[in-house]
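Please read the structure below before turning to the comments.
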Amino acid sequence: MTHCHDARGPGAHDPAALTVALIGQPNVGKSTVFNMLTGLNQHVGNWPGKTVEQRTGVYRRKGLTLNLVDLPGAYSLTANSEEERIARDYLIRSRPDVAIIVVNAAALERNLYLVAELLALPLRLVVALNMTDVAEQQGIQVEAHVLAAALAAPVVPIVATRNQGVQELVDQAVRLAGGADWKPSRPAIRPEHEPQLTALRELIAGHISHPYPADWVALKLLEGDREIIELARQALPADAWQRVQALLVKHEDAYLDIAGGRYEWIGRMVRAAVARPKAGAITFTDRLDRVATHPVAGLAVLLAMFGLVFWLTYTVATPAAGWLSEQALGWLTGLAQAILAGAPVWLNSLAADGLINGVGTVFTFLPILIVFFTMLGILEDMGYLARAAYVMDRFMHLMGLHGRSFLPLFLGFGCNVPAVMGSRIIEERRARLLTILLAPLVPCTARLAVIAFLAPAFFGGYATLVSWGLVTVNLFVLALAGIAINKLAYRGEHTAFIMELPLYHIPNPRTVALYVWHNTVGFVVKAGTLILIASMAVWALSTLPGRGVEESVLAAFGRWLEPAGRLLGLSDWRMIVALLTSFFAKENTIATLGVLYGSSDVTGALAGQVAAALTPAARLAFLVVVMLFIPCLATTATIRQETRSWRWALASIGLLLVLSLAAGIGVYQVGRLVGW
């Protein structure tokens, strides 16, 4: 087995710089501490070769630079998830100068288990006792100085959301990294298995390569850690490995004594430093959760919350998007035409129709994204999203998903782009990928706008019934696709849903603002580049070779696809091209039909022209395909961005292409049979 060499951070080489790792269990405020220290001086990417988000940042104070690494949330150092594996590997292999473990003062006993595991590593550790204000609201008093004395390690009480105690936390980290005494009180294994631990140390001595500490490896072997067992199997000589294996088989219950020793150690810490309220006291969180997690009332609260998201989207984001499209882009188009007044016609068209409108496609998403991420950030930071996921868990299990997948799928009704990006809140990779594949099946507002425009001309007084039916069909197909993918690709595997319900607290504006900033900028930079390039390509295809739209490359391609269109009842190539251009933006369906049918009247004449060209069965088939057709370019680019793979983006296109054409052909052929 290849072992990693010591890859210490900058602090190991530059005396004016230190590498500081931030670690903690989920929902303890670790990222809030990171945001308070780094602000905009942070980089968000992915760990090399992983889909898990990596956040690094820089904090400077008094001539000293701190390079901070925000490690993924981990409940323990036994690698049960990708996040825990990344956190453990970084601490062992990169050896930061100091680590800050953020713990929740209101749930100290549970959080101290990770502290107990970290103390087994050759790692200097500062404990950040966060949410002390929330703990006090629950009637819990934690004496930080007593806990520090019991741990024989620095403990700093903080309220990260108010930036209280954060500077003192940094000072303690710098002092400890600078060489202060470090002799912490470590938990010990129960005496029953102490001889076996000693025997393992002797058997692996000299065989386990740096950076793995031999004492820690022996402990993890006895604990039954699968990765460490595999490491030892490859590193040890055959005879030594056989003896280790025999010892582990004989004492397979040793993990109970290891965990028991840790819990006894935790009990001593808690008894010394924590005073709790009287038994039976009802907390503020308990009172709210009686409603928020109730099977019926919880659903009502959930609908009210997301009704608020929709209301804000329609009242704030939609008008802002319209202003950007009509006023800002209109002004830019006029400016470009004025500047290029004497330039060739093709250059004018490229600037106005290709570049400006291409960039405009990205910018019209911005109000929706900002509203979405603001609401998501607030709900996440206040602790409500965990309750929403809990309430919806039993429904999502039908598709092999769990409650966290509900939020991004639900918000797909506004726009599929934030729906895909919202999948970041799902920690388990399989569930996240399945959610990303299903998100484009949720009918977004752009698709619904196309339906609202065409349905009255297509079906008259039955337009409302047809529209509701189309939405129902979409959701039914989404459920069937989720069940089928889970059965075929994952063999019916169900994701375990174990989630801590954090205490409610007031959202921190800085944390929410940074969340909105980084997610919005990430979309503009990554997805926006692809949209700009593709918009220029559409402009070129609709103008070349310069003899008008009817003679363009786009028209030739549409005529080539006419045989496939006839299966749907679409004998006119213009209908097929309108579907294809919806890939760049769903609203392009109407714009393309207006250009190709030569009508600028979008109040009814165009819809009437289109209706006259189709039979009733073909009209319904066309609307079904519009609702189920491949994701737009922005959504496709975002899928590529979130999965870091074109394979998944193309799989999404292929899935929806097959589903939409199969459904459209089925509707048309059945309609023909009944003489419709």
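The values are calculated or read from the model by the stated rules, or taken from the named source; none is laboratory data. Since this is a predicted model, take the numbers as computed values, not measurements. Counting neighbours? That spans all protein chains shown, and the Cβs are built from the backbone with ideal geometry, glycine included.
Looking only at residues that are touching an Asp or Glu at 6+ places or on another chain (Cβ under 7 Å) and either free of Cβ contacts under 8 Å to residues at least 40 places away in the same chain or of a type outside the set (A, V, I, L, M) (or both) in segment 225-280, which one is surrounded by the fewest Cβ atoms within 10 Å (Cβ to Cβ)?
255
Might you let me know whether segment 96-118 holds any residue that is surrounded by fewer than 19 Cβ atoms within 10 Å (Cβ to Cβ), modelled with pLDDT under 90, within 26 Å of the chain's Cα centre (by Cα) and among the charged types (D, E, K, R)?
Yes, there is a match, as at least one residue in segment 96-118 is surrounded by fewer than 19 Cβ atoms within 10 Å (Cβ to Cβ), modelled with pLDDT under 90, within 26 Å of the chain's Cα centre (by Cα) and among the charged types (D, E, K, R).
What's the number of the only condition in (1) over 26 Å from residue 26 (Cα atoms); (2) modelled with pLDDT of 80 or more; (3) crowded, with 24+ Cβ neighbours inside 10 Å that residue 435 fails to meet?
(1)
Could you give every pair whose Cβ atoms fall below 9 Å, whose first residue belongs to segment 566-584 and is within 16 Å of residue 556 (Cα to Cα) and of a type in the set (S, T, N, Q), and whose second residue is buried (at least 24 other Cβ atoms within 10 Å of the Cβ) and at pLDDT 85 or above, counting only separations of at least 6 or pairs across chains?
Note: pairs meeting the criteria are 571/618.
Can we say residue 266 is in contact with a Lys or Arg (Cβ under 6 Å, 6 or more places away or on another chain) and not polar (S, T, N, Q)?
no
Let me confirm something: among 230, 202, which residue is farther than 28 Å from residue 111 by Cβ and within 35 Å of the chain's Cα centre (by Cα)?
Numbers: 202 fails: within 35 Å of the chain's Cα centre (by Cα).
Exactly one residue qualifies, and that residue is 230.
Run down 168, 117, 136 and say which single residue is touching a residue at least 60 places away in the same chain (Cβ under 8 Å) and either in the same structural domain as residue 91 (by TED's automatic domain parsing) or among the polar types (S, T, N, Q) (or both).
When all the criteria are applied, what remains is 117.
Pairs please, first residue from segment 503-522 and modelled with pLDDT under 80, second anywhere and surrounded by fewer than 16 Cβ atoms within 10 Å (Cβ to Cβ) and not in a helix (DSSP H, G or I), Cβ atoms under 8 Å, 6+ apart in sequence or on different chains.
If the second residue must be surrounded by fewer than 16 Cβ atoms within 10 Å (Cβ to Cβ) and not in a helix (DSSP H, G or I), the pairs left are 514/39; 514/40; 518/44; 522/44.
Select, from 486, 474, the only residue that is under 24 Å from the mean Cα position of the chain (by Cα) and at pLDDT below 80. So that I can check it myself, show each step before the final result.
Numbers: 474 fails: at pLDDT below 80.
Exactly one residue qualifies, and that residue is 486.
Which one of the conditions (1) more than 22 Å from residue 657 (Cα to Cα); (2) part of a loop (DSSP other than H, G, I, E, B); (3) at pLDDT below 80 does residue 529 fail to meet, given that it meets all the rest?
Answer for residue 529: the failing condition is (2).
If residue 307 satisfies every condition in (1) at pLDDT below 75; (2) surrounded by 11 or more Cβ atoms within 10 Å (Cβ to Cβ) but one, which is the exception?
Result: residue 307 passes all but (2).
Taking the condition of being surrounded by fewer than 22 Cβ atoms within 10 Å (Cβ to Cβ), of a type in the set (A, V, I, L, M, F, W, C) and free of Cβ contacts under 8 Å to residues at least 60 places away in the same chain, how many residues in segment 623-648 meet it?
1
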